[in-house]
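Nothing in this text is a laboratory measurement; each read-out follows from the coordinates by a stated rule. Just so we're clear, the structure is a prediction, and the values are computed from it rather than from any experiment. Here the Cβ positions follow ideal geometry from the backbone for every residue, glycine too, while neighbour counts run over all protein chains shown.
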Amino acid sequence: MTEEVELEDIKGVGAKTAEKLRDSGYEELMSIATMSSGELAEVADLGDKKAQGIITESRKELDIGFESGKERYDQREEMKRIMTGCEEFDEILGGGVETQAITEVYGEYGSAKTQISHQLATNVQLPRDEGGLGKGAVYVDTEDTFIPQRIEQMAEANGQDPEEVLDDIHVARAFNSDHQMLLADEAQEICQNNDIGLVVVDSLTAQFRSDYVGRGELAQRQQKLNKHMNTLLRLANAHNIAVLVTNQVMSNPDQMFGDPTKAIGGHIVAHNSAVRLYLRKSKKDKRIARLVDSPYMPEGEAVFKVADRGIVPEDF
Ligand SMILES: Nc1ncnc2c1ncn2[C@@H]1O[C@H](COP(=O)(O)OP(=O)(O)OP(=O)(O)O)[C@@H](O)[C@H]1O
Ligand SMILES: [Mg+2]
C-alpha cells in the first residue's frame, strides 16, 4: 500500500544490522541519513566504511540533495491554480489555490472552511480556461460534513454535470487520526492511478486533537501531524496537486486562555503549510479571508459570501 522503504531495502543493510538499528530506535531512513558514520558504526556495530556506505545509500533513497535553480524554475512553471469563485479571494492568493503546496484554511466554526473545501473539489474539475484543472479530487472527511447535495448545487451553478462531478471525487471518512494517516497513504495510490488535481483534508487536526488529549501526549501528536503533513506535501509535489487542509482555532469555551486567532497544531502545521488563510465571520453571510503567510505574496484581505451557488463575491 505505502511505498515506504524498509531498512532492509538499503544496500549494505542485512537483517542483523536492521535489527540493531531498530533496537536503538533508528527506524526511519531520515534518521540514518542524518547520522555521522562514527555514530552509525557504533550503534550498529559496523566498520566506518560500511557505515558510510549505508548513510550514502539512505540519502540516495531519500533523494536528498541539491538540484539546479533551473530544475526548480521548471517545476515551479508547472504550478497551476484553482479558482475559488470569488475574484477578490483569488487575488489575495495570487490567482487561486496553488498546486505543489499545502494551503491551510483556519478559522472558527461556521467560518466557511467546509464550504471552501466543497467549492474547490467542484471547481478543480472545471476546464483550465474556466478556472479549474480539469481533474478530479480526493476528499478526506474527518468530521462527517461532506455533503454530496452541496456539491450538486455548486456543480449545477458552475454548469457542470453534478453526477460526473460527484463521480470524480474520491471521498473517505476518517474515523480516527491513525485512520486519517492511512487514508493519506491510500491517496498516494489514487493519485498515481487517476488524474487528481486536489486533495482536501477537512479537518486536518480534529481527530488528532481528540486522540491525543493529555499534556503528555502533545509531543507525540505533533510528531504524527508532522508525518501526516509530510505525506501530503509529497503528494502535492509528486503529482502537481493542490492540497487544501482545514484547521480550527484555539478558541474554545473550556480553554479559558485560548487565542481565537491562533490555529491548532502550532508551528508544525504552520511550517508545513506554504499558504495560510485565516477566515472570520462578518456581518450576515459575509466572510473575511486574510492571507497570513505566503512566501511571495503580501498579506491581504478579501471579503466573500457563501450563497446557495457556493462561494461568491460580496456584491453578488
Ligand atoms: N446553501 C447555503 N447558502 C448559504 N450559506 C450557506 C449554505 N450552506 C452553508 N452556508 C453557510 O456556511 C456556514 C457553514 O460553513 P462551514 O460548514 O464551511 O463552516 P466551517 O468553517 O467548516 O465550521 P466548522 O469549524 O464547524 O467545521 C453556515 O453557517 C452557513 O452560513
Ligand atoms: Mg467544517
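Listed by Cβ neighbour count within 10 Å, with the fewest neighbours leading, M35, M30 appear as M30, M35.
Going from the residue with the fewest nearby Cβ atoms within 10 Å to the one with the most, K11, K113 rank K11, K113. Spin-label model, F66/E156: points 7 Å from Cα along the beta carbon direction are separated by 5.8 nm.
Rounded to the nearest 20, the size of the Cβ-charge dipole of segment 7-62 about its Cα centre is 220 debye, with Lys and Arg at +1 and Asp and Glu at -1. Restricting to bridges with both residues inside the chain, how much of the DSSP beta-bridge set is antiparallel, in percent to the nearest 5? Once the DSSP bridges in the chain are tallied, antiparallel ones form about 45 percent. Dividing the Cα radius of gyration of segment 7-62 by its Kirkwood radius returns 0.89 for Rg/Rh.
Distance between the 7 Å Cα→Cβ label points at E39 and Q149: 5.6 nm. How high is the FRET efficiency between D185 and V213 when r is their beta carbon distance and R₀ equals 25 Å, given to the nearest 0.05? So, using R0 = 25 Å, E works out to roughly 0.50.
Between V306, V213, V140, the Gaussian network model of the chain with springs among Cα atoms under 10 angstrom shows the greatest mean-square fluctuation at V213. Note on Q220/R309: beta-carbon distance plugged into 1/(1 + (r/R0)^6) with R0 of 45 Å gives a FRET efficiency of 0.55. Please build a GNM for the chain, connecting alpha carbons under 10 Å apart, and tell me which residue among G65, G134, G107 fluctuates the most. Highest fluctuation of the listed residues: G65. Under a Gaussian network description of the chain, with springs only between Cα atoms under 10 Å, the residue in G47, G136, G216 that fluctuates furthest is G47. For segment 165-297, just say rounded, prolate or oblate: build the C-alpha gyration tensor, square-root its eigenvalues into a ≥ b ≥ c, call rounded for a/c under 1.5, and beyond that prolate if a/b exceeds b/c, oblate if not. Judged from the Cα gyration tensor, segment 165-297 comes out oblate (a/c at least 1.5, b/c at or above a/b). Shown for M181, M229: other C-beta atoms within 10 Å of each C-beta, ranked fewest to most, produce the order M181, M229.
For the chain, the Cβ-based charge dipole about the Cα centre amounts to some 1000 debye (Lys, Arg positive; Asp, Glu negative; other atoms uncharged).
A rounded overall shape is assigned to segment 72-313, the ratio a/c of its alpha-carbon gyration tensor axes (a ≥ b ≥ c) being less than 1.5.
Each label was represented as a point 7 Å from its Cα along the Cα-to-Cβ direction; for I288 and T56 these points are 5.8 nm apart.
Of interest is the spacing of the C-alpha centroids, which for segment 153-197 and segment 220-238 amounts to 18 Å.
With a Förster radius of 25 Å applied to the beta-carbon distance between K49 and K227, the computed FRET efficiency rounds to 0.20.
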